[in-house]
Structure formats: structure tokens, C-alpha cells
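A short worksheet on the structure shown next.
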């Protein structure tokens, strides 16, 4: 994936995380976490999250703190998230049984994203937060209405990707991800 240009790499990484199946390899989930996961309502795995909840979660786990997958996973677990299986295709998902979005991490630490069902106000909140957090951000031209990419302007090849999936498990879904080289 590293030979692709940054926008293509970003979309490939988001898509990989969005379609990663449950379960997988290197699952260090405890018995208690697996029990909790089994009792999460299906609609809460990919919940309806307000724009503020979506972007607050993105900021907390993808922009703030130590970016290592180990540190992010520890923060997620401390906040009540449980792993949805192990690492699968280099991506791991964490879910909780409330309106907070799923969080996806890549094993190499280069991808962190949030995933929820689409809800009114999300697009406006995403745009507001991108302009607030990344004043130098510029959109990358795209003809695909399901994919939007922003170069953050902070570091070469760092981007924010927004992927819309009208056929996901929760039907109309949205992912917002940060990709760092």
C-alpha cells in the first residue's frame, strides 16, 4: 500500500478497515470482553452518532495522545470499548454499547478512524472541525461522491478521509479517518 499516492493509500486504508470482518488473528480479548461483545446490540456496533459525538471520538482517539496502536487500544479499553476480534488485514475495530462510533486502528499506527451510521448534522460538523483543527487543510479533487479526502497541511502525505458506504451493515454509514505516513 505504501507505493500508492497518499490519497489512494488513504482510501485503500479506510476501505480495508470498513470491510474488515469480525474475529481474526492476534485476538488478545479477555473472556469478559468477548462476553460484553456478544451482548452488544447489532445496531450499536455501527451506531447512529451525532456529528459532535463522531468528531469528539475522532479527536480523543485519533488526534490526541500517544498514536501507537497499543496506547490507543489501552485508552479505548479504559473508556469501555471492547475489541471486535483481533487484528484482521492489519486493522482492529473497537466497539461500545452506546452511541459512540466504532473506532478502527491499523496495526502499524498509520490509520485511526471512526465509523458510524450517517445522521443529520455530521457533514457540517466534520467540515467545521477539519477547518478548526487543520487551518491549512485542502480538499483533494475527487469525482466520487462517496469519498472525500483532505490533506491536513501539517505533514507530507497526512490526510483525513471521509468514506460513505450506502450498503454497509448499518446501511448508510460514514467513516472519518486520519492517515499518517
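For (1) under 19 Å from residue 40 (Cβ atoms); (2) without any contact (Cβ under 8 Å) to a residue 12 or more places away in the chain; (3) part of a strand (DSSP E or B); (4) within 14 Å of the chain's Cα centre (by Cα), each residue gets a yes or a no:
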position	(1), (2), (3), (4)
65	no, yes, no, no
80	yes, no, no, no
114	yes, no, yes, yes
135	no, no, no, no
143	no, yes, no, no
150	no, no, yes, no
156	no, no, no, no
Evaluate the following for residue 11: is it assigned to a helix (DSSP H, G or I), in contact with a strand residue (DSSP E or B) (Cβ under 8 Å, 6 or more places away or on another chain), within 30 Å of residue 140 (Cα to Cα) and modelled with pLDDT under 90? yes
For residue 76, work out the one condition from (1) more than 13 Å from the chain's Cα centre (by Cα); (2) closer than 30 Å to residue 38 by Cα; (3) at pLDDT 95 or above it doesn't fulfil. (1)
Please go through region 42-63 and pick out each residue that is part of a helix (DSSP H, G or I), farther than 21 Å from residue 159 by Cβ and modelled with pLDDT of 95 or more. 52, 53
In region 161-181, residues that are surrounded by 13 or more Cβ atoms within 10 Å (Cβ to Cβ) and free of Cβ contacts under 8 Å to residues at least 40 places away in the same chain total 1
Does residue 21 satisfy the criteria of being assigned to a loop (DSSP other than H, G, I, E, B) and at pLDDT below 90? yes
Number of the condition not met by residue 34 [criteria: (1) closer than 16 Å to residue 111 by Cβ; (2) surrounded by 13 or more Cβ atoms within 10 Å (Cβ to Cβ); (3) modelled with pLDDT under 95]: (1)
Output for region 89-130, where each listed residue is out of contact with any helix residue (DSSP H, G or I) (no Cβ under 7 Å at 6 or more places or on another chain), surrounded by fewer than 15 Cβ atoms within 10 Å (Cβ to Cβ) and at pLDDT 95 or above: 128
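The values are calculated or read from the model by the stated rules, or taken from the named source; none is laboratory data. This structure is a prediction, so every number in the text was calculated from the model and none was measured. We place every Cβ from the backbone using ideal geometry, glycine too, and count neighbours over all the protein chains shown.
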